[in-house]
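Written out below as structure tokens is the structure these notes cover.
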Amino acid sequence: MRFLTRSIVALFLGAMALGLLAVAGGMVRSTIEARAARQDAPRVARERVFAARVVTIEPGAVAPVLSAFGEVVSRRTLELRATAAGRILTLADGFEEGAPVRAGEVLVQLDPADAEAARDLVRADLARAEDERDDARRALELSHLDRAEAESQADIRRRAFERQQGLAERGIGTAATVEDAELAYAAARASVIARRQAEAAAQARVTTAENALERQRINLAEAERRVADTTVTASFDGVLSDTNAVAGGQVSMNERLASVIDPGALEVSFRLSTAQYLRLLDGQGALMPARAEIALEMGGAEITSPGTLTRVAPSVGAGQSGRLVYAAIDAPRGFRPGDFVTVRITEPVLPGVAQVPASAVDSTGGVLVLGAEDRLEAASVEVVRRQGDSVLIRAPALAGRDVVAARNPLLGVGIRVRPQRDQGAAAAQPEAPDLVALDPERRAALIARVSSNTMMPEGVRTRIL
């Protein structure tokens, strides 16, 4: 009985194995036939559609922005130099780098002993020159009186000579008397000439004394100036820079002590190419007072100030090219001489131009325009200006049409694309957050919570409070 049972089970398992093999063979055969049928069927190619971002050409009036890099310089700088050699007697309080100073403030005082001694000697020489002038004037007055007296005596001798001549003509006087009168008159005239010579000498002495007095006055003014030069003052409000002086130190002539910089009078110097410079000239060839923006990058933050183009350097400079232009900084707060800044100049408005990404235009001015059935077409535009990541183009025939914003090797003429247009800026603006009313009790509770938090840094706690 057991043998019969085992034989039936064996026959059943054998039949099941043969059935599974038959099913597997049928599946393999149907697979091979289906594959053969697919290989014999004709293949149908499908067109590939690429996604492309497009922008619309909208001509209008655009003011190009010219960017350049420059350096902040001071328009008003005073170098403090020692005008005389000597010892530094005193320094102003806070004579150090970056210290503020006021106009007229005494910054450095040199030892004035030598200069004051020289001034006192000149004053003594001046007093002596004044005495000499007064003595010469008195001598001149006496020479005037002496000459007048000699002329009076000569006049008396002349009249006596004429009287003797008259008597001799009437036969009363003698020839000897007439000769004596004539000799006396000649002597009187010689005395007048001598007195005139003495008067001229006295006048020359007065002139010499006055000249000597004037020289002494000039020497006194020079000496007083040297005394004043021992005091170094600031001529305008500013800050100290490059200080190089210590109390008690010995300085030489024209040695630099410090510099005073006016932080409110700053400008930026930057170099432009000749083509860029020509775009900033007016009809007469002069530099236009175009508006500019000066930006200073400071650790992720940017300090900006408006500015105005003021002048251009008169020469190019050895080994340089282009033009060196200067722009005044209207709000110099936060800027310092030597800062490396970015200058953005607003050029005159260009009519009938459109602004598109720089990647939309190739090197020859070609663009890909979206045509019928979203297929690309080739077109040419006039590149007016390139600025940063965008270009200004002039294409009246393409006004209102879409062009590919970023060209790549997969896109070309006749390729069908799926255009992707930028959404409006208004749709991207986030909604205003909801505000929470803060009553005095809740505010006091928050302040107490922040004040009691010992794990919070002090700077953060102060800012939150």
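The values are calculated or read from the model by the stated rules, or taken from the named source; none is laboratory data. Worth saying up front: this structure is predicted, and the values here are computed from it rather than measured. For neighbour counting, all protein chains shown are included, and Cβ atoms are generated from backbone atoms with ideal geometry for every residue, glycine included. These accessible areas exclude ligands, DNA and RNA; they are computed on the full protein's heavy atoms, side chains included. Shrake-Rupley method; radii C 1.70, N 1.55, O 1.52, S 1.80 Å.
Put simply, of SER191, SER152 the only residue that is over 60 Å from the mean Cα position of the chain (by Cα), surrounded by 16 or more Cβ atoms within 10 Å (Cβ to Cβ), assigned to a helix (DSSP H, G or I) and of a type in the set (Gly, Ala, Ser) is SER191.
Inspection of the stretch 27-49 finds a residue satisfying the criterion of being modelled with pLDDT of 80 or more and closer than 30 Å to ALA358 by Cα. Within the stretch 355-384, the set of residues being open to solvent by less than 20 Å² (accessible area, probe 1.4 Å) and part of a strand (DSSP E or B) comprises VAL356, GLY366, VAL367, LEU368, VAL369, LEU376. In this structure, GLY352 does not satisfy being farther than 29 Å from PRO409 by Cβ and not in a strand (DSSP E or B). The set of residues from the stretch 164-175 being without any contact (Cβ under 8 Å) to a residue 12 or more places away in the chain, open to solvent by 60 Å² or more (accessible area, probe 1.4 Å) and part of a helix (DSSP H, G or I) comprises GLU169, ARG170, ALA175.
What are the residues in the stretch 54-100 that are within 30 Å of ALA405 (Cβ to Cβ) and assigned to a strand (DSSP E or B), if any? Spell out the reasoning first.
Residues of the stretch 54-100 within 30 Å of ALA405 (Cβ to Cβ): 54-69.
Hits for the stretch 54-100 are VAL54, VAL55, THR56, GLY60, ALA61, VAL62, VAL65, LEU66, SER67, ALA68, PHE69.
In the stretch 90-118, the residue that is least open to solvent (accessible area, probe 1.4 Å) out of those that are without any contact (Cβ under 8 Å) to a residue 60 or more places away in the chain and touching a Leu at 6+ places or on another chain (Cβ under 9 Å) is ALA92. Do we have any residue at all in the stretch 347-366 that's among the β-branched types (Val, Ile, Thr) and touching a helix residue (DSSP H, G or I) at 6+ places or on another chain (Cβ under 9 Å)? No, the conditions are met nowhere in the stretch 347-366. Considering the stretch 226-274, and only residues there that are of a type in the set (Lys, Arg) and either touching a helix residue (DSSP H, G or I) at 6+ places or on another chain (Cβ under 9 Å) or within 18 Å of VAL73 (Cβ to Cβ) (or both), the residue that is modelled with the highest pLDDT turns out to be ARG271. Restricting the stretch 325-353 to residues that are open to solvent by less than 50 Å² (accessible area, probe 1.4 Å) and in contact with a Gly (Cβ under 7 Å, 6 or more places away or on another chain) leaves a set whose member that is modelled with the lowest pLDDT is PRO332.
Could you go through the stretch 297-306 and let me know if any residue there is touching a residue at least 40 places away in the same chain (Cβ under 8 Å) and open to solvent by less than 70 Å² (accessible area, probe 1.4 Å). Steps first, please.
Our first condition is that a residue be touching a residue at least 40 places away in the same chain (Cβ under 8 Å); within the stretch 297-306, this holds for 297.
The next check asks that each one be open to solvent by less than 70 Å² (accessible area, probe 1.4 Å); those that pass are none.
Within the stretch 297-306, not a single residue is touching a residue at least 40 places away in the same chain (Cβ under 8 Å) and open to solvent by less than 70 Å² (accessible area, probe 1.4 Å).
Determine whether THR31 is in a loop (DSSP other than H, G, I, E, B) and either in contact with a Leu (Cβ under 6 Å, 6 or more places away or on another chain) or among the β-branched types (Val, Ile, Thr) (or both). For THR31, the condition - in a loop (DSSP other than H, G, I, E, B) and either in contact with a Leu (Cβ under 6 Å, 6 or more places away or on another chain) or among the β-branched types (Val, Ile, Thr) (or both) - is not met.
Quick grid of which residues meet (1) in a loop (DSSP other than H, G, I, E, B); (2) buried (at least 17 other Cβ atoms within 10 Å of the Cβ); (3) small (Gly, Ala, Ser); (4) modelled with pLDDT of 85 or more:
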{"site": "ARG386", "(1), (2), (3), (4)": "no, no, no, yes"}
{"site": "ILE393", "(1), (2), (3), (4)": "no, yes, no, yes"}
{"site": "GLY400", "(1), (2), (3), (4)": "yes, no, yes, yes"}
{"site": "ARG407", "(1), (2), (3), (4)": "yes, yes, no, yes"}
{"site": "VAL413", "(1), (2), (3), (4)": "yes, no, no, yes"}
{"site": "ARG418", "(1), (2), (3), (4)": "no, no, no, yes"}
{"site": "GLN423", "(1), (2), (3), (4)": "yes, no, no, no"}
